[in-house]
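The values are calculated or read from the model by the stated rules, or taken from the named source; none is laboratory data. Quick caveat, the model's predicted, so the values are computed rather than measured. Cβ: placed from backbone, ideal geometry, glycine included. Neighbour counts: every protein chain shown.
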Amino acid sequence: MTQHRFVAAALPALACTMLLGSCASDNTVPVVRAERAAASPVAAGAADRLGVLARFTSCEDVAPAIAVYLHGLVPGPANKAGPDRVNCTWEVPAGAAGGTATSSVEVVLEPGTGTVPSPSLAAGPGLVSIPDTAIEAAQGIAYSMSLMTAGTSVIATQIELPDVSVSITGGGRDGQPPLDGPAAVAAAKRLLGL
């Protein structure tokens, strides 16, 4: 059931990225985590990694982890960072001609629920598991979903640890965006200090 919620929640974000270049994910994947949080209480040790979120006082603190993918992009107007949530977007400037392979990047960090979905979640239709020893050692899971249409593609990657989750979405033109699942996992590890 969780897999279907992730797919249903991620599709609007993917479509939004494709059609508009970039959209905040306030009402997409976090809804999945909110539903899962309601079903399972946060474990006693869940606050341990919340200090990770406090390290980011602005999206300028997030940018170095994905700097190679931000060429030609500008910060989104609704960026925010704080100890309870980080939501950062970068997009092609209004009126700019398409000279960059990446048209948008979004990074969201949020507190975890204390639990992590089963690895079988990533075995479902449309989802791809991304094995990573550091993520697994932190009792986490990483998976992605791709959506491609004529001239545009979007890859949404989710990294879930018990105490924090990271969503990284890259949208691009003319084939795969350079910010694919493994690249997003590498960026998330830099953000998490893994």
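Tabulated data for the structure shown
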{"quantity": "Test: residue in segment 119-126 that is more than 16 Å from A65 (Cβ to Cβ), exposed (fewer than 15 other Cβ atoms within 10 Å of the Cβ), more than 13 Å from the chain's Cα centre (by Cα) and among the hydroxyl-bearing types (S, T, Y)", "calculated": "yes"}
{"quantity": "Total residues in segment 151-185, condition within 23 Å of H71 (Cα to Cα) and either surrounded by fewer than 18 Cβ atoms within 10 Å (Cβ to Cβ) or touching an Asp or Glu at 6+ places or on another chain (Cβ under 6 Å) (or both)", "calculated": "10"}
{"quantity": "R55 surrounded by 12 or more Cβ atoms within 10 Å (Cβ to Cβ), among the basic types (K, R) and modelled with pLDDT under 90", "calculated": "yes"}
{"quantity": "Segment 124-136, subset of a type in the set (G, A, S) and touching a residue at least 40 places away in the same chain (Cβ under 8 Å), residue nearest to D180 (Cα to Cα)", "calculated": "G126"}
{"quantity": "The listed residue being within 18 Å of the chain's Cα centre (by Cα), under 14 Å from V185 (Cα atoms) and surrounded by fewer than 20 Cβ atoms within 10 Å (Cβ to Cβ), out of S146, S129", "calculated": "S129"}
{"quantity": "Number of positions in segment 143-165 that are in contact with a helix residue (DSSP H, G or I) (Cβ under 6 Å, 6 or more places away or on another chain), within 16 Å of V52 (Cβ to Cβ) and without any contact (Cβ under 8 Å) to a residue 60 or more places away in the chain", "calculated": "1"}
{"quantity": "Output for segment 102-117, where each listed residue is part of a loop (DSSP other than H, G, I, E, B) and modelled with pLDDT under 85", "calculated": "none"}
{"quantity": "Enumeration of residues in segment 132-142 that are surrounded by fewer than 17 Cβ atoms within 10 Å (Cβ to Cβ) and not hydrophobic (A, V, I, L, M, F, W, C)", "calculated": "T133, E136, Q139"}
{"quantity": "Some residue of segment 177-192 being in contact with a Pro (Cβ under 8 Å, 6 or more places away or on another chain) and either assigned to a strand (DSSP E or B) or free of Cβ contacts under 8 Å to residues at least 60 places away in the same chain (or both)", "calculated": "no"}
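Conditions (1) acidic (D, E); (2) touching a Leu at 6+ places or on another chain (Cβ under 6 Å); (3) at pLDDT below 95, marked per residue:
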site: G151; (1), (2), (3): no, no, yes
site: D163; (1), (2), (3): yes, no, yes
site: I168; (1), (2), (3): no, no, no
site: G175; (1), (2), (3): no, no, yes
site: D180; (1), (2), (3): yes, no, yes
